[in-house]
1. Say the dipole of the stretch 2-158 comes from +1 at the beta carbon of Lys and Arg and -1 at that of Asp and Glu; which of 55, 130, 78 then lies farthest toward its positive end?
2. Under the Karplus relation 6.51 cos²θ - 1.76 cosθ + 1.60, θ = phi - 60°, what is the ordered set of whole-Hz ³J(HN,Hα) values for the stretch 163-171, x standing for Gly and Pro?
3. Could you line up 152, 23, 107 from fewest to most neighbouring Cβ atoms inside 10 Å?
4. Name the most mobile residue of 75, 85, 169, meaning the one with the largest mean-square fluctuation, in a Gaussian network model of the chain with Cα contacts below 10 Å.
5. Using +1 at the Cβ of each Lys and Arg and -1 at the Cβ of each Asp and Glu in the chain, identify which of 14, 157, 197 lies farthest towards the dipole's positive end.
6. Return the single residue from 153, 133, 57 with maximal mean-square fluctuation; model: Gaussian network over the chain, springs between Cα atoms under 10 Å.
7. Once the Cα gyration tensor of the chain is diagonalised, what are the square roots of 5 times its eigenvalues, in whole Å and ordered largest first, as equivalent ellipsoid semi-axes?
8. Determine, for each peptide in 32-44, 139-151, 8-20, the mean count of other beta carbons within 10 angstrom over its residues, then list the peptides with the highest first.
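Read the figures in this text as sums done on the coordinates, not as results from a lab. This structure is a prediction, so every number in the text was calculated from the model and none was measured. FYI the Cβ positions are ideal-geometry reconstructions off the backbone, even for glycines, and counts take in every protein chain you see.
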Amino acid sequence: MATVVTADIIGSRALPDRTEAQRRIEAVFAAVEADLPLAERVLTATVGDEFQGEYPDLGAALASILLLTLALPDGLECRFGIGLGEAYTVDATAGQLAEGPAWWAARAAIDTLHAKQVRAMPAARTWIAAAEDEDAAVQEQVRLANAYVWARDELVSAMGERARRLVYGRCMGLTQRELAAREQITQSAVSQLLTASGAAGLVEGFAQWRR
């Protein structure tokens, strides 16, 4: 079973400098992968405002996506649809094309995110879907993971850019003293920001998915 990710840029048509936004997002994706290589195929621009990538399992995908959402600067956000199922490639004149139920599920997850953002879940940034032919155990894993990402996205969406940097650093194993030096603030200020942002739960969730 493959774990694939389709991502798109939120509000891409309204961005004042679409080219610069694309460049910055690609730089963030590359930096996160350099900090913690998890992808089997790094998220890469495909067409329009979309990216596609592949991970060894759901835990790696969820851990990486948390880092990506934390690392994106204010004003730039992406949706991430994760698909579980069979994936394969199709030969075409322009090269090999990603295809299969996992990719269809990832696209369905993106469509679900669009609908949820319009209605009750404006902070939702991640959703998971499994191919229809996946067994009950996989479908149950998806339901539990979606409950997790809903809560996680609510926490991240409420953070400012500095708080996101601090949580990112804690996920990467940096101490509060090291983070304070980076941000040029006191360790007490770091501690207060982390506590107020709900960082402990995010960092522990990240660690659990990395096991």
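1. 78
2. 4, 5, 4, 5, 5, 4, x, 5, 4
3. Numbers: 152 23, 23 11, 107 16.
Going from sparsest to densest Cβ surroundings: 23, 107, 152.
4. Highest fluctuation of the listed residues: 75.
5. Comparing the listed Cα positions along the dipole, 197 ranks first.
6. 133
7. Working: eigenvalues 167, 76, 53 Å².
The answer is 29, 20, 16 Å, longest axis first.
8. Numbers: 32-44: 16.7, 139-151: 15.2, 8-20: 12.4.
Peptide ranking by packing, descending: 32-44, 139-151, 8-20.
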